[in-house]
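Participant: Let me give you the structure first, and then I'll get to my questions.
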Amino acid sequence: MALIASVRRRLHYGWVIFGLTFTNLTIEGGAKNSQPVFLVALQNSFQSSATATSAIISMSGLVGAFSSPFLGRVLDRLELRFLFPLAGLLILVGWLASSFASDLWQLFIFYGVIATLGQTAVSSFSATANLAPWFPRSRGGMLGLADSGNPTGQAVVTPLAQLIVSTIGWRAAYQIFGLAFFLV
């Protein structure tokens, strides 16, 4: 019992926050950078042009860009413990609804707006706000280390997305990613 108490005193809770932040940024970075993997599958599924299909990715980028300042203000007013579950719910609803889309325009709403709002809310700016107070003396180093989750996600999640899309389809991949992102 004394050993457990000793370990708890030495374990800085900031490392738990770091691990969660790194994992979140890994999945977020991987999911956002997996969009090209879905492009061909969506184009084939909806019999649409590359231009129309890639417009969903462009829409997602614009929604992320224009919503970031607004979401930053929301972060100032709400605590992360309220914003993160709300963002997770948007991600879950957006990705799951996207998996049931029967027409391309639905992906503009479900993925391009709803899921993107959730993903943007849990991206680097909120991760920074979450992690920085835990490491006041080594803030820059810890934020840099945590943000390495983004390229880690690109290296791990993007090939995994390709494997899932190739074997069981884009709809199942959207469901898996939506659930995984929500849980993290």
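The values are calculated or read from the model by the stated rules, or taken from the named source; none is laboratory data. Note that the coordinates shown come from a computational prediction; the quantities given were computed from them, not determined experimentally. Every residue, glycine as well, gets a Cβ built from its backbone with ideal geometry; the counts of neighbours run over all protein chains shown. Heads up: the accessible areas ignore ligands, DNA and RNA and are worked out on the full protein's heavy atoms, side chains in. Shrake-Rupley method; radii C 1.70, N 1.55, O 1.52, S 1.80 Å.
Participant: Of all residues in the stretch 21-62, which are among the hydrophobic types (A, V, I, L, M, F, W, C), open to solvent by less than 30 Å² (accessible area, probe 1.4 Å) and under 30 Å from residue 142 (Cβ atoms)?
Facilitator: 25, 31
Participant: Given the conditions (1) within 20 Å of residue 99 (Cβ to Cβ); (2) over 17 Å from the mean Cα position of the chain (by Cα), which single one is not true for residue 174?
Facilitator: Of (1) within 20 Å of residue 99 (Cβ to Cβ); (2) over 17 Å from the mean Cα position of the chain (by Cα), only one is false for residue 174: (2).
Participant: Among the helices (runs of 4 or more DSSP H) confined wholly to the stretch 78-184, which include 2 or more residues that are open to solvent by 30 Å² or more (accessible area, probe 1.4 Å) and on the phi < 0 side of the Ramachandran plot?
Facilitator: On the way: elements: 80-99, 104-109, 116-121, 124-131, 139-147, 149-168, 170-183.
Because the criterion is at least 2 residues that are open to solvent by 30 Å² or more (accessible area, probe 1.4 Å) and on the phi < 0 side of the Ramachandran plot, the helices (runs of 4 or more DSSP H) in the stretch 78-184 that meet it are 80-99, 104-109, 124-131, 139-147, 149-168, 170-183.
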